[in-house]
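K.L.:
I'd like to ask you about the structure that follows.
Each value in this text was obtained by applying a stated rule to the coordinates, not by laboratory testing. Quick caveat, the model's predicted, so the values are computed rather than measured. Virtual Cβ from ideal backbone geometry, glycine too; neighbours counted across all protein chains shown.
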Amino acid sequence: MRVLWRLATSLAALATLTACASSTKTVAEQTAPATPAATTASTFPVTVEHLLGTTTIKQRPQRIVTIGLSDHEPVLALGSKPVGVTDWFQRTPFTDWPWTKDVWGGAQPEVLGLREDGVKLEKLVALKPDLIFAMYSGIQKDAYDQLSQIAPVVAQPKGFDPYAATWQEYISLAARALGEEAKAKQLIQGLEGRFAKVRANNPQWKGLTAVAADSFEAGKYFAFQKGDPKSAFLAEIGFTVPEEINTKAGKSNGVEFGSEGLNQLEVDRLVWLTTGKEPWDRIKNDSVYKELNVAKEGRDLFLTYQDPPIGAALSFNTVLSIPYALDQAVPLIKK
């Protein structure tokens, strides 16, 4: 279940905020490094297509803001450090994920808002961005048009529902906007090779079903369809996500149900991702869940989003987080 991307400040105030920004110098503006000169000036201008239209970036961006929940990671992987970000998991500090800490190199971007609260528009404007990424988001056309008055905006990849594109699509789109397509191609080839190696080392997973699930509150469960990064990761290491879940989810990233629907989780390998360990006993003690073969036979795996952040790595499912996810999750799934 995801909250569609939204502005936490009225769009009607945009003109006033833009005018005020010229006299505002933020902490992030003072301390965040500019985008490295990895590309030449001749690379630009570039024009990219996305779900909401076409965007032209006239020159190499120096002050990038990412408002998609995981957009900062492909941008980082391509050599640029965003000055503003959206916080998905309230990690403190934001840069402390094990797969991005070294890449940030001590830089601390301005957190523009939390997933639940939306992006604070006044903070975004004050950063004076010259490029805004809204790829892994549910940004709508009206918000896109308003943000385009501040800086060029790259929305979701074309041809995919919001949040449903592959990690390859996200970094490829970011690379086109940043003039780093050769680097993206190398990163994609490297990771696809790692996935292929995992599949080759675990041929027993071919043809088996698997799904990622969560329980956000007592008596309610959520299974993530194959387009969601978490179940997509399981598919890429060799499993098959049940078509029943994919069909019921439709354009959503998954399907929600009560205890009566737990039979949908009768798969060969079930991976639970939860906020903390507190839900684990509650799930295990559900009278319906206890009767599932996947539970009786110990084919369920319980992971947390943080501490350790294996669940977060699966949720981001980017070129930076995937190596960590492969190293940490695959040995646990094999047990």
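K.L.:
When all alpha-carbon pairs of the stretch 38-93 are counted, what percent fall beyond 15 Å?
P.N.:
Counting pairs separated by more than 15 Å, the tail of P(r) holds 61 percent.
K.L.:
In the neighborhood of Gly159, defined by Cβ-to-Cβ distances under 11 Å, what is the net charge if each Lys or Arg adds +1 and each Asp or Glu adds -1?
P.N.:
Details: positive: Lys158; negative: Glu49, Asp161, Glu169.
Taking every Cβ under 11 Å from that of Gly159, the sum is -2.
K.L.:
Let me have the relative contact order for the chain, percent, based on Cα pairs under 8 Å that are six or more residues apart. Spell out each step's value before the answer.
P.N.:
Numbers: 625 pairs, mean separation 54.8, N = 335.
Worked out over the chain, it gives 16 percent.
K.L.:
Report the relative contact order of the stretch 203-334, percent, no decimals, based on alpha-carbon pairs under 8 angstrom and at least 6 residues apart.
P.N.:
Numbers: 221 pairs, mean separation 30.7, N = 132.
Averaging sequence separation for qualifying contacts and normalising by length gives 23 percent for the stretch 203-334.
K.L.:
Here is a further query. Could you give me D for the stretch 279-326, from Stokes-Einstein at 4 °C and 1.567 mPa s, where the hydrodynamic radius is the Kirkwood radius over C-alpha pairs? Units µm² s⁻¹, please. The partial results should precede the final answer.
P.N.:
On the way: Rh = 12.2 Å.
The estimated diffusion coefficient comes to 106 µm²/s.
K.L.:
Tell me the Kirkwood radius of the stretch 81-225: reciprocal of the mean inverse pair distance over distinct alpha-carbon atoms, in Å. If you can, show how the numbers build up before the last one.
P.N.:
Working: mean 1/r = 0.0552 Å⁻¹.
After inverting the pairwise mean of 1/r, the radius is 18.1 Å.
K.L.:
Quick one: go through the stretch 68-94 and flag any residue whose amide nitrogen is under 19 Å from the point 7 Å out along the Cα-to-Cβ line of Gln186.
P.N.:
73-81
K.L.:
Just rank Ser231, Ser287, Ser70, fewest to most, by other beta-carbon atoms within 10 angstrom. Could the numbers behind the result be given before it?
P.N.:
Working: Ser231 28, Ser287 8, Ser70 25.
Neighbour counts put them in this order, fewest first: Ser287, Ser70, Ser231.
K.L.:
Taking neighbour Cβ counts within 10 Å as the exposure measure, how do Ile64, Ile150 sort from fewest upward?
P.N.:
Values: Ile64 30, Ile150 20.
The most exposed by this proxy come first: Ile150, Ile64.
K.L.:
Could I have the simple spin-label model distance between Asp327 and Lys284, label points 7 Å from Cα toward Cβ, reported in nm to one decimal?
P.N.:
In this crude spin-label approximation the distance works out to 2.8 nm.
K.L.:
Would you mind telling me the antiparallel percentage of the DSSP bridges in the chain, rounded to 5?
P.N.:
On the way: 12 of 32 bridges.
Counting DSSP beta bridges with both partners in the chain, the antiparallel share is about 40 percent.
K.L.:
Given 25 °C and 0.890 mPa s, how large is the Stokes-Einstein diffusion coefficient of the chain in µm²/s, with Rh as the Kirkwood radius over Cα pairs? Present the calculation step by step, with values, prior to reporting the outcome.
P.N.:
Details: Rh = 20.7 Å.
D = 118 µm²/s.
K.L.:
Now, a different point. If one computes the Cα centroid of the stretch 68-102 and of the stretch 138-186, what distance in Å separates the two points?
P.N.:
16 Å
K.L.:
Starting with the fewest neighbours, write out Lys101, Lys158 ranked by other beta-carbon atoms found within 10 Å of each beta-carbon.
P.N.:
On the way: Lys101 12, Lys158 15.
Neighbour counts put them in this order, fewest first: Lys101, Lys158.
K.L.:
Can you check what the net charge comes to around Asp307, using other residues whose Cβ is under 13 Å from the Cβ of Asp307 (Lys, Arg +1; Asp, Glu -1)? Could the numbers behind the result be given before it?
P.N.:
Working: positive: Arg91, Lys277; negative: Asp96, Glu278.
Computed value for this residue: 0.
K.L.:
Next question. What fraction, in whole percent, of alpha-carbon pairs in the stretch 203-334 exceed 27 Å separation?
P.N.:
Details: 888 of 8646 pairs.
Pairs farther apart than 27 Å: 10 percent.
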